[in-house]
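Notes follow once the structure below has been shown.
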Amino acid sequence: MSFPMNHQATEDADQMAVASFVLGLLGLLIFNLVLGPCAIVLSGLALARRTGRRGRALLGLALGTADLVILAISVLGSHHTIWQLGA
């Protein structure tokens, strides 16, 4: 059973799509461990709620995935974790 979406729900989904894009883009530069998954979750929610900004949500999904790929490559390339606990 499908319920019609009201204007507020569509606007919220559109804002989630934009937020996922921005977080995914920022995640390429800093905090990709945190911002990548946030971008993926927000884009998934926006797509599930039928956002009007589908392209932006898909870009957020792609950028969030790229954040995690870059993290994996940097960890594997350095042969240790990015952060260290103590000296």
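Values computed for the structure shown
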read-out: Gain on full stretching of the segment that runs from Ala9 to Val69 - 0.36 nm per residue minus C-alpha separation; value: 18.4 nm
read-out: Shape of the stretch 7-78, Cα gyration tensor, a/c cut at 1.5; value: prolate
read-out: Under Karplus coefficients 6.51, -1.76 and 1.60, residue-wise ³J(HN,Hα) of the stretch 39-48 in Hz, glycine/proline x; value: 5, 5, 5, 5, 5, x, 5, 5, 5, 5
read-out: J(HN,Hα) series, the stretch 67-74, from Karplus relation 6.51 cos²θ - 1.76 cosθ + 1.60, nearest Hz, glycine and proline x; value: 4, 6, 5, 5, 4, 4, 5, 5
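Every read-out reported here was derived from the displayed coordinates using simple, explicitly stated rules and does not represent laboratory data. Everything numeric in this text was worked out from a predicted model, so none of it was measured.
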